[in-house]
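Reading through the structure tokens given below for one structure.
The values are calculated or read from the model by the stated rules, or taken from the named source; none is laboratory data. Given the structure is predicted, the values throughout are model-derived calculations rather than measurements. Cβ atoms come from the backbone with ideal geometry, glycine included; neighbour counts cover every protein chain shown. The protein model used for the area step is the full one, side chains on, heavy atoms only, and it has no ligands, DNA or RNA in it. Shrake-Rupley method; radii C 1.70, N 1.55, O 1.52, S 1.80 Å.
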Amino acid sequence: MKNAVIIICLFLVILPFSGESVQLENWRLPWYKIAQELGELQQSPSGMFWDDLTWVSPSFAPGLWPDTQAYKKDHWTLEPSASLSANNVEYVDGNNYFWTFDILNDIKYKRFTARQTLDVDSRYSNDPTYYWKDDRIAAGRIEEAYLQYTGKYGMFRFGRLKRNWGPFVDRSLLLSNNAHSFDAFEWQIFSSIFEFRHMFASFVYPWNHFYSVDFDNYNPAATPEYNRYFSAHSLNFMIGEWATLGITETIIFSRRNQFPDLQYLNPFSIYTVTNTNMEGSGNLIVGLQWKVHPFTKKVSLLGQVAFDDIQVDNEGAGDQEPTHWGIDVAGHWHNPLPVRAAQALSLEYSYGSRWLYTVADANANQGERYIYMGKSLGRPTIDGDLLGLSFTLVPENYWAATLGIRYERRGLNTPKSRWSEYEGYDSTSNVLNYRPEPPLSTRDNLDRILTLSLDARGYFRDFADIRLGFANKLIQKTEKGIKGDFEYEPEVHVTITAHYSNFFLSLPDK
């Protein structure tokens, strides 16, 4: 009862100050995911980069989306939003509820755009991945703050960025919105047949306790200080409206008090050759991505494959470690039933191997794991797979519902796991005694989760978005080779978001 009173009071307080936003992570993101399943979403020329949410889906009410035509004109907009979520399962802060507040300040004049977004979350005070000030009434940070110049065939932006690279609007194996935002520069060039992007970031200097977040066993008195860098580039080719095929390379590398290697700053270098030829060291990941309509526009096949520590062969002294990899694929059948309402039937599968994103302990001590401030730059979890089937129905243009079933297997490893923690590690030879990696079905420690869920959300004009979800989970744990009984864990969650998007000031042409 006490929690319910607090939830109602918080909602009444934040309602007058609410509004909507167009940064990547906001209340609209689940709607964009539905629009992608319906085959109605295209953001960048290749569809492989997600910068913000300004596309319009015809299956939903126009007021749900930002006014794309208005945003192309010179303007100043201020868009706040606030949400309140409740769950019968405790969140990271130990409560059954949390609230967020976001505000976007966006100024566009001629070919220049300046954007700042503020994100405040009540869970930050107890979130182990939030390392900033958490002893105040509200904890938050600037998620985006950049200046962008846009030309006819490309753009350049510099500042604090939060991006998602890949065919899916809400996730990526290579660069996702899972990680904290960071300061970087990014540029793009495109034509009718290709799109190329390059990004380079110098991760925040690890002062004080930040060093223990992305470094292991760091001793300032005995170990030189390391600077961490991130570089990525992606080239994607469009074959008419039927297919997009692309390749992406990303690398995390660190250097001791020196300027980063130019071969990794160089957007036209092939990182794979540079890295495997030992011209420069770092944690390299190579990815392939695609989006294809096989013979009909009613079906979309999307996917991404990532290869970590890719090996040319197994003969060289430095090529003994097996290649670690991950895959994320989906198929969407748009409007499979002959009814008026929009629908989508979706089948998804994803897998991340045990040591994806990780490096040997000596490299982990230098900060080369694929993480930033303790959070993965790509997939949030590894060492497991997931198979899911769902059906989404849009009876009216202001609400939608999704019924889904999925089966998931989870191992013990995370993107922050150390190789020496593995039972097969040989400290004398500094290699892992695994080849090949044991299948998930043979693991001594594994969680199996079967989930049947129903998720519904509705939109009310320019003021509110409501989500209601039910999940029935059966969980079986295997510990030290012994399988336990299936345990039933139901979950009910509700999210109410208030928003306002009518503060839009057109700027004069002169």
When the charge dipole of segment 272-386 is computed with +1 at the Cβ of Lys and Arg and -1 at the Cβ of Asp and Glu, the Cα pointing farthest to the positive end, of Thr272, Leu386, Gly352, is that of Leu386
Mind computing the radius of gyration and Dmax over the alpha-carbon atoms of segment 293-420? Å is fine for both.
-> 19.5, 62
Which value, to two decimals, describes the C-alpha radius of gyration of the chain once divided by 2.2 N^0.38 Å?
-> 0.99
Phi angles of segment 391-401, converted by Karplus (6.51 cos²θ - 1.76 cosθ + 1.60, θ = phi - 60°) into ³J(HN,Hα) in whole Hz with x for Gly and Pro, give 9, 10, 10, 10, x, 10, 7, 10, 8, 8, 9
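In square angstrom, what is the accessible area per residue of the chain with a 1.4 angstrom probe?
Accessible surface, normalised per residue, equals 47 Å².
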At R0 = 56 Å, FRET efficiency that the Cβ-Cβ distance of Ile239 and Lys477 yields, to 0.05 | 0.75
Give the relative contact order (percent, whole number) for the chain; include only Cα pairs under 8 Å separated by 6+ residues.
-> 14 percent
Given a Förster distance of 41 Å, the FRET efficiency implied by the Cβ-Cβ spacing of Asp93 and Ile270, rounded to the nearest 0.05, works out to 0.35
What lysines sit close enough to Lys510 to cross-link, taking a C-alpha to C-alpha distance under 27 Å and skipping anything fewer than 8 places away on the same chain?
-> Lys72, Lys73, Lys108, Lys110, Lys152
Calculate, for Leu29 and Arg256, the FRET efficiency according to 1/(1 + (r/R0)^6) with r their C-beta to C-beta distance and R0 51 Å; round to the nearest 0.05.
-> 0.80
Would you mind computing, in nm to one decimal, how far apart the modelled labels at Glu225 and Phe470 are, each placed 7 Å from Cα along Cα→Cβ?
-> 5.7 nm
The farthest towards the positive end of the charge dipole of the chain, of the residues Leu38, His493, Trp325, given +1 on Cβ of Lys and Arg and -1 on Cβ of Asp and Glu, is Leu38
Please list 300-309, 121-130 highest first by mean number of surrounding beta-carbon atoms within 10 Å per residue.
-> 300-309, 121-130
Other-chain or far-sequence residues with amide H under 5 Å of Val299's (modelled H) | His334
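Using the Cβ atoms and a cut-off under 14 Å, what net charge is assigned to the surroundings of Arg255, where Lys and Arg are +1 and Asp and Glu are -1?
So the environment of Arg255 carries a net charge of -2.
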For the chain, the percent of accessible surface on carbon and sulfur atoms (probe 1.4 angstrom, ligands and nucleic acids excluded) is 61 percent
Quick one: if you stick a label point 7 Å off each Cα along the C-beta vector at Asp127 and Thr150, how many nm between them?
-> 2.8 nm
Chymotrypsin sites (Phe, Trp or Tyr not before Pro) within segment 467-500, DSSP loop, no more than 14 other Cβ atoms inside 10 Å | Phe486
Lysines with Cα under 24 Å of Lys133, excluding same-chain neighbours fewer than 8 positions away | Lys162, Lys375, Lys416
Among Phe460, His180, Thr248, whose Cα lies farthest out toward the positive end of the dipole of the chain, if unit charges sit on the beta carbon of Lys, Arg (+1) and Asp, Glu (-1)?
-> Phe460
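Treating the beta-carbon of each Lys and Arg as +1 and of each Asp and Glu as -1, no other charges, what is the dipole magnitude of the chain about its Cα centre, to the nearest 20 debye?
It comes to approximately 1180 debye.
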Using +1 on the beta carbon of Lys and Arg, -1 on that of Asp and Glu, and nothing else charged, what's the dipole of segment 257-388 about the Cα centre, debye to 20?
-> 1080 debye
